[in-house]
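This is the structure, below, for whatever I ask next.
Nothing in this text is a laboratory measurement; each read-out follows from the coordinates by a stated rule. Here the structure is a predicted model, which means the values were calculated and not measured. Cβ atoms come from the backbone with ideal geometry, glycine included; neighbour counts cover every protein chain shown.
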Amino acid sequence: MFHAHFVEHVYPMHTHDAWALLIVDDGAVQFDLDLHLHGALRTQVTLLPPHVAHDGRAATPHGFRKRVLYLDSEQLPLDLIGAAVDRPGWSDPVLRHRIHQLHRALAQPGEELAAQSRLSLIRERLDQQLRRAVTGPAAVRDPGLAERLRDLLDAHVVDGLTLDAAAELLHAHPTHLVRAFTRRFGLPPHRYLTGRRIELARRLLLDGLRPAEVATAAGFYDQAHLSRHFSRMVGTGPARFAVDSLRRASGTS
């Protein structure tokens, strides 16, 4: 993951070993790829293929601000390089939003399952774009798959579970797991797991544990990770929740 703001910097011709998935947050980028001129705008998603020479420079006087994800061949097969050379960018709001969500997840420790879920959907969409075969979500052929994933998440509330591990245990593709679960329960697996951890954290706080202890005991990365999700879901921080609950229990104000 790479975030940068450039005004005068000009990338010389170079290559990458990995795919470079680029979104522009401000300004615009002009680049040559395989001796053909292209542009990257805020409304677009740009994918620069590995092993193909390209450069880069600002296309506006105030420069550009960008975010880049580097994906290896395990994430996107090399046989799609030719398609990316022919068409390295698309106006795809759904894909751009998912990339934005992935950057946010990667920037926050403890959000591995969220990042893996976002990445699985991004890989699928990139593959479809490169093959010019963007379609709607595939039908869920296994009606019990979502319930089995839920059972797995329930069994790993504290220690967590990677999407790849769940896919291997359930003999299903990671993207299919995310879609099946979201359709069945109305939220993606990582949000369900976070909700279960918040439930556990509330019980532990009511039992008198300090927020720092609760964070570890409930499966959060640290106290800041707990506080961020707890405040968003409950409407108050864990320390305030514990104090207010104690006051209500004792009948004081």
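Tell me the label-point distance for the pair Gln128, Asp154, using the 7 Å Cα-to-Cβ offset, in nm and rounded to one decimal.
3.1 nm
Additional query: If you put +1 on each Lys and Arg Cβ and -1 on each Asp and Glu Cβ, how big is the dipole of region 2-130 around its Cα centre, in Debye rounded to 20?
Here region 2-130 has a charge dipole of around 500 debye.
If each of Ala107 and Arg248 carries a label point 7 Å out from its Cα toward its Cβ, how far apart are those two points in nm?
Distance between label points: 3.4 nm.
Tilt of helix 238-250 relative to the longest C-alpha principal axis of the chain, in degrees (0 to 90, nearest 10)?
20 degrees
While we're here: Taking the chain as the reference, fit the longest principal axis to its C-alpha atoms, fit the long axis of helix 93-106 to the helix C-alpha atoms, and give the angle between the two in degrees, 0 to 90, nearest 10.
That works out to roughly 60 degrees.
Let me ask you something else. For helix 189-206, report the angle its Cα long axis makes with the longest principal axis of the Cα atoms of the chain; keep it between 0 and 90° and round to the nearest 10°.
Once rounded, the angle reads 30 degrees.
Size of the dipole of the chain about the Cα centre, Lys and Arg at +1 and Asp and Glu at -1 on the beta carbon, nothing else charged, in debye to 20?
Here the chain has a charge dipole of around 1220 debye.
Sticking with this one: What FRET efficiency comes out for Glu147 versus Glu168 if R0 is 25 angstrom and r is the Cβ-Cβ distance? Round to the nearest 0.05.
Efficiency for this residue pair is about 0.90.
Right, something else. Report, in whole Å, the centroid distance computed from the Cα atoms of region 52-89 and region 16-48.
5 Å
Over the Cα atoms of region 192-250, what Rg and Dmax result, in angstrom?
10.3, 32
Taking Cα atoms of the chain, Rg/Rh with Kirkwood Rh, to two decimals?
Here Rg/Rh amounts to 1.07.
Quick one: among Phe220, Phe230, Phe241, which has the greatest mean-square fluctuation in a GNM of the chain with alpha-carbon springs under 10 angstrom?
Phe241
Projecting each Cα onto the charge dipole of region 14-94 (Lys/Arg +1, Asp/Glu -1 at the beta carbon, about the Cα centre), which of Val52, Leu41, Trp19 comes out farthest on the positive side?
Leu41
For region 91-165, which trypsin sites (Lys or Arg not before Pro) are both in a DSSP coil and crowded by at most 10 other Cβ atoms within 10 Å? Walk me through the intermediate numbers first.
Values: sites: Arg96, Arg98, Arg104, Arg118, Arg123, Arg125, Arg131, Arg132, Arg141, Arg148, Arg150; in loops: Arg131, Arg132, Arg141.
Counting only loop positions with at most 10 other Cβ atoms within 10 Å, the trypsin sites (Lys or Arg not before Pro) in region 91-165 are Arg131, Arg132, Arg141.
To the nearest 500 deg cm²/dmol, what mean residue ellipticity at 222 nm is calculated for the chain from DSSP H runs of n ≥ 4 alone, each contributing -39,500 (n - 2.57), summed and divided by the residues?
Mean residue ellipticity at 222 nm (helix-derived): -14500 deg cm²/dmol.
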